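A.B. asks: This is the structure I want to talk about, given as structure tokens.
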Amino acid sequence: MPAEDRIRRWVRASVRAASVYPVGKAPGLIKLDAMENPYPWPEPMREAWLRRLRNVALNRYPDAEAAGLKGQLRAVFSLPGSAGILLGNGSDEIIQIIACALSGPGASLLAPEPSFAMYESIAKGTDLNYVGVPLQAPDFSLDVDAMLAAVERVQPAVVFIAWPNNPTGNLFDRNAVECIARSTPGIVVVDEAYHAFAGATLMPLLEQYDNVLVMRTLSKLGLAGLRLGFLAGPPAWLLEFEKLRLPYNVGVLVQESAGFFLEHIDVLQEQTRRLCADRERLYQALLKQPGVTVWPSAGNFLLFRTDTMPASEVHERLKRAGLLVRCVADMHPLLAGCLRVTVGTAGENDAFLTALSEVLARH
Ligand SMILES: Cc1ncc(COP(=O)(O)O)c(C=O)c1O
């Protein structure tokens, strides 16, 4: 039987209809497309990390519980004592674990949109009904009435709220998030991937609501390549999710490296402070750029719209000038004409601003 026939017979229709997540290629380009931290570690810190890795036993399975690492995460990120913690191979994997646990006939995942694309693609891949509720123009604020109406209508198993939101960069109103938590029959996952750049957190909600969980990642802090995310929340919920977590999803090198990283969190916090200051400079410069509309951001990225040239063309021309940003224009009607740029080093940001103004001037 030809492979296509077997695939049609056995692979779920929702998987066949999906596409592989697109990852921009950036050989030789200044990479400002994926919200990575652009700064390397200071050399002595790098050396100390490599010395630590010498002692890691690669022939042994990792500590499946990762109790040491969890303890460090608890302390560094000030988790409430009552909260449990689950580790994932990046927070992407945690979204997948949650979706797998909750998927079933009639179960829905609800999220405001535009938001992080993985909520929808993981929902679809796990046969969870995805329901997106449009944000409000022009500031991308949460449409609380529409969210509450959708909660009432679809009775979602889970609501995902990115706080700050990607790609719009804003922090939704706290009271609105609490209102949704009180109204929904399922759980609310507050995705704080960009929390370090926001100077704000909804972590205290863990002590007030038994259906709220908070997800974080080390990716945006400087360890995107390592792959470590965590979910904090009520132990009873985490126990259910633990059953679907593959026992060795966080390898020995990741556990050791993340532990080392957390011991040096001050270095990363300093880099974060620098990125926040540079985000403001980049924002101010984009505000002054003719033909550009930019939105304020609490993340390490900025959403902007080019009003005189199609976003896809700006994206292509910037690429030819050596810069990779993310064109998000096709993601959602509210993002028509929009691109997203990650805050890089001061030099990278200057290179981006120069290239953008040249691209727009030549038009
Ligand atoms: C809101 C949000 N959540 C989660 C993630 C995924 O993070 P991780 O690298 O931990 O999988 C991203 C990545 O861009 C994101 O924007």
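A.B. asks: List the pairs whose first member sits in the stretch 189-201 and is within 10 Å of the ligand (Cβ to nearest atom), whose second member is open to solvent by less than 30 Å² (accessible area, probe 1.4 Å) and in a loop (DSSP other than H, G, I, E, B), and whose Cβ atoms are under 6 Å apart, counting only residues at least 6 apart or on separate chains?
C.D. replies: Sorted first by the residue in the stretch 189-201, then by its partner, the pairs are E192/W163; Y194/P164; Y194/G299.
A.B. asks: Which of the numbered conditions does F77 fail, given that it passes all the others? Conditions: (1) under 26 Å from L253 (Cα atoms); (2) more than 16 Å from the ligand (Cβ to nearest atom).
C.D. replies: (2)
A.B. asks: Please give the number of the condition T126 fails out of (1) out of contact with any helix residue (DSSP H, G or I) (no Cβ under 6 Å at 6 or more places or on another chain); (2) more than 9 Å from the ligand (Cβ to nearest atom); (3) β-branched (V, I, T).
C.D. replies: Going through the list (1) out of contact with any helix residue (DSSP H, G or I) (no Cβ under 6 Å at 6 or more places or on another chain); (2) more than 9 Å from the ligand (Cβ to nearest atom); (3) β-branched (V, I, T), T126 breaks only (1).
A.B. asks: Can I ask one more? Outside any loop (DSSP other than H, G, I, E, B), away from the ligand (no atom under 16 Å from the Cβ) and not assigned by TED's automatic domain parsing to the domain that holds L302: which single residue out of A64, A48 fits that description?
C.D. replies: The conditions single out A48.
A.B. asks: Does at least one position in the stretch 176-194 carry a residue that is among the hydroxyl-bearing types (S, T, Y), crowded, with 17+ Cβ neighbours inside 10 Å, assigned to a helix (DSSP H, G or I) and under 22 Å from the mean Cα position of the chain (by Cα)?
C.D. replies: no
A.B. asks: Further, regarding this structure: Considering only residues that are crowded, with 19+ Cβ neighbours inside 10 Å and under 20 Å from D143 (Cβ atoms), which ones fall in the stretch 89-122?
C.D. replies: If the condition is that a residue be crowded, with 19+ Cβ neighbours inside 10 Å and under 20 Å from D143 (Cβ atoms), then S108, L109, L110, A111, P112, E113, P114, S115, F116, Y119, E120 are the ones that fit.
A.B. asks: Further, regarding this structure: Could you list, in sequence order, all residues of the stretch 135-145 that are outside any loop (DSSP other than H, G, I, E, B) and either aromatic (F, W, Y) or touching a Leu at 6+ places or on another chain (Cβ under 9 Å) (or both)?
C.D. replies: If the condition is that a residue be outside any loop (DSSP other than H, G, I, E, B) and either aromatic (F, W, Y) or touching a Leu at 6+ places or on another chain (Cβ under 9 Å) (or both), then Q136, S141 are the ones that fit.
A.B. asks: Against the conditions (1) within 11 Å of the ligand (Cβ to nearest atom); (2) touching a residue at least 60 places away in the same chain (Cβ under 8 Å); (3) not charged (D, E, K, R), where does P235 fall short? Just the number, please.
C.D. replies: All conditions pass for P235, except number (1).
A.B. asks: Which of the residues spanning the stretch 202-222 are closer than 16 Å to Q271 by Cβ and more than 9 Å from the ligand (Cβ to nearest atom)?
C.D. replies: Matches in the stretch 202-222: L221, G222.
The values are calculated or read from the model by the stated rules, or taken from the named source; none is laboratory data. Bear in mind the structure is a predicted one, so any value in this text is a computation, not a measurement. Positions of Cβ are generated from backbone atoms using ideal geometry, with glycine treated the same way; all protein chains shown enter the neighbour counts. All accessible areas refer to the heavy atoms of the entire protein, side chains included, with ligands and DNA or RNA removed. Shrake-Rupley method; radii C 1.70, N 1.55, O 1.52, S 1.80 Å.
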